[in-house]
Structures are given as C-alpha cells and as structure tokens.
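Peer 1: Shown below is the structure under consideration.
The values are calculated or read from the model by the stated rules, or taken from the named source; none is laboratory data. In this text, all values refer to a predicted model and were calculated from it rather than measured experimentally. Cβ sites come from the backbone with ideal geometry, for glycine too, and all protein chains shown count toward neighbours. For accessibility, only protein heavy atoms count, side chains too; no ligands or nucleic acids. Shrake-Rupley method; radii C 1.70, N 1.55, O 1.52, S 1.80 Å.
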Amino acid sequence: MSEEYLSHNEKHWQQGCEAENVESHVFRPYGVILRDELGLTGRDGEKVLDFGCGEGTNSYFFKQKGFNVFGVDISKPDLSRCMQKMPDIKNQFIECNRKPSINDMFFDGDFDLVIAIHSMYYYTNEDLEIRLNSLYNMMKPGGIIYVTMIGTQSEQFSYADDENDGLYRVSLPHMGRDRVKESYSPHYKNFTSNMDELIDKFSMFDPLHIGHFEERYSQTGATKVSHVFHYTFIGQK
C-alpha cells in the first residue's frame, strides 16, 4: 500500500488526544506482570521507551516509579504537552518519522522495556513488521515489550472498509475523547481478529502473556465507539 495511509494517520493525530490519567490497562499489567513477575520495578532506573507517548500520561506514570523514560510520537501538539508535563526530561521526547525504517534508532537503544499503548495498529502488516523489528534491535537481550492492538470485536470495525495488507479505512461520524465531528478525519487501522494472529504479528518476540480488555459505556451506540476491544501482548526479546 502506498504511503498515503501514513499521511492520513498523521493528520488524524495532529488533532491531539486528551488523556490526563493513566488507565487500568497500564497500571494493572505493570503491578501484576512487569513488576511482580518480571522484576521491572523502576528501582534500578530501567530504561523505557514509550512508543506513541502522546501527551506523556503513561511516560509520567513510569517516571514516577523510577524508570528512565524516553518517548517518541508523530503528534506535535501531544509532544508539546508531554514536554510541559515533564520539563526536567523534555529532551527525552522527540518526534519520529511516520514511516518506519529497520535502521531507526531512538536514544541509542538499549531499552529494558518498550511500551506501545494504542499506537502500533496504525501500520500496514509490512510496516508493522519493520517497526517491530526496529524496536527489537533497540532492546537489550531479554528486554520486554508490552503492546495493545485493537480487535475486530471493537465497534469501530463495523465502520471499517478493508483496504489491503492488514489495513482498514475507518470512517466514523465522530471519535471519542475530545474529538468532535467537525474536526474528525478518516484514518486507517490494523485490526487483529484473534490471539493466533496476534502472536503471528509479534513472532520476533517470545510470547509471555497474551490477553485482552474491553470497555462499553453505552448500550445505545450513540457514540458510535461505545464498545472497545483490545488485545494485549507481553513478549521478550
């Protein structure tokens, strides 16, 4: 698929995304798995990359735990808010190219942990593989990755048209959070249908924990995105 989809997705994210508080699909896996099972406590200043850091909500959570946090994003307004939130480490957040390259290297690599919360499913299958392999190369041996991927069970999938190479064009009357109809633009997402497909997409990593979470805030469908379903993948290099 041409790079046109990347241009649409970049435009979509320049609207920004208000997310003031860390959510349960971040702090619960941290406490139960990353900290208690895998020993990533933050006490040793472990190096973390927040891929798609947005306004820095998740980065700030890990920073407060003692991690040495770095982040990348394509959204200029979100990065600006992120730097305002953490001015003491503002140089540890940068804009990244929307087009992934196997040669990408963020902050000299050597990461103990990579997190990608709602940010990895905006690629074609081909570009997703490139991005994941580039992140793999940036991680320490034994490093951990935690990613969320949107599932076909999400209500958004009913508003999606199949393009190719794993991508669907999503056209909604409006989005959630702070986005309104007037500012919304169509964008592209890579939906995952089941856990086997999830494991296949992340085949360069050893799967440690596969799961999912879902949310529903309306039975009427008035918001058009009332049911949200995401798979979770925790793997090891």
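Peer 1: With every protein chain left in place and a probe of 1.4 Å, what is the accessible surface of His227, to the nearest 10 Å²?
Peer 2: 30
Peer 1: Once you charge only the Cβ atoms, +1 for Lys and Arg and -1 for Asp and Glu, what is the size of the charge dipole of region 72-220 about its Cα centre, to the nearest 20 debye? Walk me through the numbers on the way to the answer.
Peer 2: Details: 15 positive and 24 negative charges, 127 e Å.
Approximately 620 debye in magnitude.
Peer 1: Further question: Just to be sure I understand: if I project the alpha-carbon convex hull of region 35-89 onto a plane and average over all orientations, what area do I get in nm²? Mind dumping the intermediate values first?
Peer 2: Numbers: hull surface 14.4 nm².
Dividing the Cα hull surface by four gives the mean projection, 3.6 nm².
Peer 1: Which entries in Lys65/Lys90; Lys85/Lys237; Lys65/Lys201; Lys85/Lys201; Lys65/Lys189 show an alpha-carbon gap greater than 28 Å? Walk me through the numbers before you get to the answer.
Peer 2: Details: Lys65/Lys90 18 Å; Lys85/Lys237 31 Å; Lys65/Lys201 30 Å; Lys85/Lys201 33 Å; Lys65/Lys189 32 Å.
Violating the 28 Å limit, Cα to Cα: Lys85/Lys237; Lys65/Lys201; Lys85/Lys201; Lys65/Lys189.
Peer 1: Treating cross-link reach as a plain straight distance, find the aspartates and glutamates whose alpha-carbon is under 12 Å from the alpha-carbon of Lys140, omitting any fewer than eight places away in the same chain.
Peer 2: List returned: Glu46, Asp108, Asp110, Asp112.
Peer 1: Would you work out what percent of the accessible area of region 46-94, with all protein chains in place, is carbon or sulfur (probe 1.4 Å)? Could you put the intermediate results ahead of the total?
Peer 2: Numbers: 940 of 1840 Å².
Answer for region 46-94 is 51 percent, counting heavy atoms of protein chains only.
Peer 1: With r as the distance between the Cβ atoms of Thr152 and Arg216 and R0 = 22 Å, compute the FRET efficiency 1/(1 + (r/R0)^6) and round to 0.05. It would help to have the intermediate numbers written out before the result.
Peer 2: Details: r = 16 Å, r/R0 = 0.72.
The formula returns an efficiency of 0.90 here.
Peer 1: With r defined as the distance between the Cβ atoms of Arg169 and Ile199 and R0 fixed at 25 Å, what FRET efficiency is calculated, to the nearest 0.05? Don't jump to the answer; show the numbers that get you there.
Peer 2: Numbers: r = 26 Å, r/R0 = 1.03.
It comes to 0.45.
Peer 1: Once you put a point 7 Å from the Cα of Ser80 and another 7 Å from the Cα of Ile94, both along the Cβ direction, what distance in nm separates them?
Peer 2: The answer from the label model is 2.1 nm.
Peer 1: Using DSSP to define loop residues, name the GluC sites (Glu not before Pro) in region 31-89 whose beta-carbon has at most 15 other beta-carbon atoms within 10 Å.
Peer 2: Numbers: sites: Glu37, Glu46, Glu55; in loops: Glu37, Glu46, Glu55.
Of the GluC sites (Glu not before Pro), the ones in loops of region 31-89 whose Cβ has at most 15 other Cβ atoms within 10 Å are Glu37.
Peer 1: Please give the FRET efficiency for Asp161 paired with Leu208, using the beta carbon to beta carbon distance and R0 = 35 Å, rounded to the nearest 0.05. Don't skip to the answer; put the middle values down first.
Peer 2: Working: r = 34 Å, r/R0 = 0.98.
Plugging the Cβ-Cβ distance into 1/(1 + (r/R0)^6) gives 0.55.
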